[in-house]
Structure formats: structure tokens, C-alpha cells
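The values are calculated or read from the model by the stated rules, or taken from the named source; none is laboratory data. It should be emphasised that the depicted structure is a prediction, and the values quoted were computed from it without experimental measurement. Neighbour counts run over all protein chains shown; Cβ positions are idealised from the backbone, glycine included. Just the protein is used for accessible areas: all its heavy atoms, side chains included, with ligands, DNA and RNA removed. Shrake-Rupley method; radii C 1.70, N 1.55, O 1.52, S 1.80 Å.
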Amino acid sequence: MASYPAGYKYTKDHEWIELSGDRGKVGITDYAQAQLGDVVYVELPEVGATLKQGQSFGTIESVKAVSELYSPVTGEVVEVNGALKDKPESINATPHESWMVVIRLTQPSEASALLDATQYQALIK
Amino acid sequence: MPVEYSGIVAEHMAVRERAGLFDVSHMGQIEIAGKDALAAVQHISSNDASKLAVGQAQYSGLLTPEGTFVDDILVYRQGPSHFLIVVNAGDIPGDFAWISEHIKPAGDASAVDASSRYALISIQGPEAQRVLQSLTAVDLAAIKYYWFVHGEVAGVRSTISRTGYTGEDGFEVFVPPQAADALWQAMLDAGRSASVLPCGLGARDTLRLEAAMRLYGQDMDRTVSVLEADLGWIVGWKKDDFIGAAALRQQKASGVSRKIVGFEMLERGIARHGYDVYVGDRKAGVVTSGTQTPLLKKSIGMGYLPIEHTAPGTEFDVDIRGRRTRARVVPMPFYKRQK
């Protein structure tokens, strides 16, 4: 099982965000990928898309099921990880490195209310 | 049976390349016996059971008078006047009631719901015979496809049937429920050297879909006729009257207006059960099964289309969560094992 980086923040919907200045890389947690099983498709937004906290920014589809991806924060998509289109299985292999989008936060205060690694691990126990 | 043990893709590939183990004890077993058992089975089952020798099995349909499916079944001839019908888990009491009611006119034959007397463990894949052979003195190589024998497996009195639902060679082993745990463990242990994996419902679904085997409740039900499901080969056209015969003969003569097809997605996305199918702007049908196949690494599915759009190569759209996604009719099965 992958460990949950202490420097990340987490949501109850099982996304993580790695903050750096006013930007954050977003992905899904090890717990989420294990629940989904073998990932076969990821649909991500275009650069420039604006998102509200909790809004869907894409979908992730495994052999088993399809789920929405929810933005941990409000902001604008400034980068999209196009490599995941061809290698979606990397989300299963390295969930905490397989970032999907980079979001420029327009309401940075939201981030402080997200879960830390300890709180998140308590949630999924 | 869980959805998965180690992961659908790993389990699927184990069955295609080595072997996988399935606990399918949820399946139902209904026995029909009596002097007129053959006539009884001939009346309720679409296929021609008179062609079965003792020790042989056949795929068939339990049909309504309209020629649609109450269930799809396997008919095993245990003796000249003794049959075992394996039914889906979905509605065993309903199937039993249907069979009991409809065999009455046949004369001396009665049905028993024997489901609680059987557990069913299936081993499927190219290594299935070798693994199972290490647990039994029965000569498995001598059992032909869709035949069965009685014998001991790991010291347990069993019925060993060369059948399955994966498109691979394999065996299904009927045992008393109290022996099921021990047999499962023995088969897992025997398969360890060949890296045999326990498999769940998820892989069972992707495997059967690659082999284009229909799933009751999705690809067929009481709204779909045998001919629409393109299963005319399970109809004993030459035998005497059976439930659904008149409707099917008429449908065969006039032709069906829709039919099941296999398809491949030409654009990204998985067409799942219940998604709408469009030809141009017109809603023309529905997806009944769909998945990303771990072996072929394509997005495939089955669904119903108007007959004029069922030729291989015909293109249509599937509404995948609001997005029209291109698909193409392809011949079935999607996967056929090399013999």
C-alpha cells in the first residue's frame, strides 16, 4: 500500500492536492484507486477551465465502474497531465504521483480546511 | 462471490494464460426425474434434449410462449429419465415454480429444487485440466466438451463437467456444500505452481463478454426472443411442440426486426449496460453489456439494433453520459481460443 504524503491535503471524496504557492497538483488517493480497480480511461478538463470547490473536473473509468473527479479547491486549471491518457494504469501503480491537473487557487483559504494525512487515514480506516 | 480478489485484469489474464478458479455455488440446480422426464424437459427447454446421451449436457432456454427468456439454462442428462437443469441465481424459486407448473402435462415427471445440495466450483483456462488432474483419478482428457462424469476430486464425490462461461477450456465441479471449502482450498493449492488465481464476478463478466456469451438479466430476459438474441442454435426446430415453439417458428419465417450485435468503440469510453444507442439522431437501441477487455485492450459490448443496422461494419453512436461516441458492429465472438 502506498503511504499518504504528509505534505498533501486530502478530501473526503478521496482526492489529494499538493500545494505550492498559489498552485496545487491534484490526483486521487491510493484508497480511491484500490476501490476503483484497474483504471482504463481518464477524462480531464481543458487548460483554462474554472472550477468551484467540490465541482466535477472530469471522470475516471475503471473496468468496474465510472466515477467523477471532484476539485478540492476553487480556481483555474493551468496544467493538465496529458500523459495519463496513454498510461491511465499509472494511477493504480503510483496514485500519489499521478497528478491529473494543476489548479491555480483563487480562494487559498479553502485549502486549510482540507484534511491532513492523519485525518484522511482515520477517515478511510 | 466477490467482484474481485486481486483485480479484474489480473484475474482475467490468469484465465486466458493459465487458469482461474470461480466459486459459482450461487447457481441453481433443478432436477427432473420420472418415466416421462424426457418429454417434460422437451416441453420446457428450447433445445432438443433427445439428442443428449447420458453424461452429456447442452445449453438451452427456458422460454415463455412468446419465445422470450424466462432464463437460460444448462441441461445435463444424468440418466435416461433423470435430468439436472442448472439455472441462474437470479430467480431460482421462480424458475422452479415455472418448471414445476409446465411439466405437469408431460405425465410422470417431477421437479425438485436441489440447489441447496450443490456447491459449484469452476476451474477455467489452458492449465485447468492439468491442475484438476492432480486431484483426481478420473481421466479428464477423456471428457469431451459439454460432457460430464462422476468421480472423486480431492477425496470428494463430485460431478465433473467440461463446461464453463469464459471461452476457455475448463471444468465445473459439482460437490456437496459441506465439501466446498475443502475442495476450493485443494484446487487453490494444486494450482499454486501454475499461478492459478481465484476470480470474482468482475473477471467472470469480462471473460464471458469477450467470448460473446450472453448474460441473463442484461443481454436477454423476458422481453427478448431467442432469435433476437441470435441463439437460434439452441432451438430444437425439428422436435415436437415446446413452450415458445409457435412464436419462434413464426418469427423465423417473418424475420426479426431487431437483433443483438457485438460492437467495438471507435472513440474512447466504455459503453455500459443501459446506455442508449443512436443511428443518426434517432434512438435506435440499447447497450446490454460493455467493458474494456483486458486481453484485447479494446472497448467492446453487445446491444440490440434494428435489423437493418446489424451488418458488421455498420457504425452507430452510443450516448456515454451525454456524449455521442462512435461505435462499429463487429462479428462475435470477440475472442476465440486457439484449439
(request) Mind listing, in residue-number order, the residues in the range B:252-271 that have at least 50 Å² less accessible area with every protein chain present than in their own chain alone (1.4 Å probe)? (result) B:Arg268
(request) Treating cross-link reach as a plain straight distance, find the lysines whose alpha-carbon is under 25 Å from the alpha-carbon of A:Lys9, omitting any fewer than eight places away in the same chain. (result) A:Lys25, A:Lys52, A:Lys85, A:Lys87, A:Lys125
(request) Would you grab the residues whose amide H sits under 5 Å from the one on B:Arg258? Only those 5+ places off in sequence or on another chain, please, with H modelled 1.01 Å from N. (result) B:Ile307
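How much accessible area per residue does the range B:257-330 have, counting only protein heavy atoms and a probe of 1.4 Å, in square angstrom? Can you show the working numbers first?
Values: 3030 Å² over 74 residues.
Per residue, the range B:257-330 has an accessible area of 41 Å².
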(request) Give me the net charge of A:Lys64's neighbourhood, meaning all other residues with Cβ under 11 Å from the Cβ of A:Lys64; Lys, Arg count +1, Asp, Glu -1. (result) -3
(request) Measure out, as a whole number of angstrom, how far apart the alpha-carbon centroids of the range B:52-102 and the range B:207-270 sit. (result) 17
(request) Note the buried accessible area between B and A here, summed over both chains, with a 1.4 Å probe, in Å² to the nearest 100. (result) 1300
(request) Run a plain Debye calculation on the range B:206-283 (Cα atoms as equal point scatterers, no solvent) and give log10 I(q)/I(0) at q = 0.14, 0.18, 0.20, 0.23 Å⁻¹, rounded to two decimals, same order as the q list. (result) -0.60, -0.91, -1.05, -1.25
(message) So with the 1.4 Å probe, I'd like the accessible area per residue for the range A:1-94, rounded to whole Å².
(response) 46
(message) I want the local charge near A:Tyr8. Using Cβ-Cβ distances under 13 Å, sum +1 for each Lys or Arg and -1 for each Asp or Glu among the other residues.
(response) -3
(message) Cross-link candidates for A:Lys12: which aspartates and glutamates have Cα within less than 20 Å, leaving aside residues fewer than 8 places away along the same chain?
(response) A:Asp30, A:Glu61, A:Glu68, A:Glu97, A:Glu110, A:Asp116
(request) At 1.4 Å probe size, with no ligands or nucleic acids counted, give the accessible surface of B:Asp241 in Å², nearest ten. (result) 110
(request) Could you go through the range A:91-100 in sequence order and give the Karplus-derived ³J(HN,Hα) for each residue, using 6.51 cos²θ - 1.76 cosθ + 1.60 with θ = phi - 60°, rounded to whole Hz, and x for Gly and Pro? (result) 5, 6, 6, 9, x, 8, 10, 7, 6, 9
(request) List the aspartates and glutamates whose Cα lies under 12 Å from the Cα of B:Lys239, skipping any in the same chain that are fewer than 8 positions away. (result) B:Asp48
(message) Against the empirical 2.2 N^0.38 Å scaling, what ratio does the C-alpha Rg of chain B come to?
(response) 1.01
(request) Over the range B:28-117, give the accessible area per residue in Å² for a 1.4 Å probe, as an integer. (result) 35
(request) Quickly work out the A:Ser109-to-B:Asp139 label distance, labels modelled 7 Å from Cα along the C-beta direction, and quote it in nm with one decimal. (result) 8.4
(request) Take the solvent-accessible surface of the protein heavy atoms, probe 1.4 Å, and return the percent of it on the protein assembly as shown that carbon and sulfur atoms account for. (result) 52
(message) Would any residue of the range B:294-308 have its amide N under 20 Å from a label point 7 Å out along Cα→Cβ of B:Gln218? List them or say none.
(response) B:294-305
(message) List the residues, sorted by chain then number, that are 5 or more residues from A:Glu79 or on another chain and whose placed amide H is less than 5 Å from its amide H.
(response) A:Val102
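Specify, per residue and in Å³, the volume enclosed by the convex hull of the alpha carbon atoms belonging to the protein assembly as shown.
About 157 Å³ per residue, rounded to a whole number.
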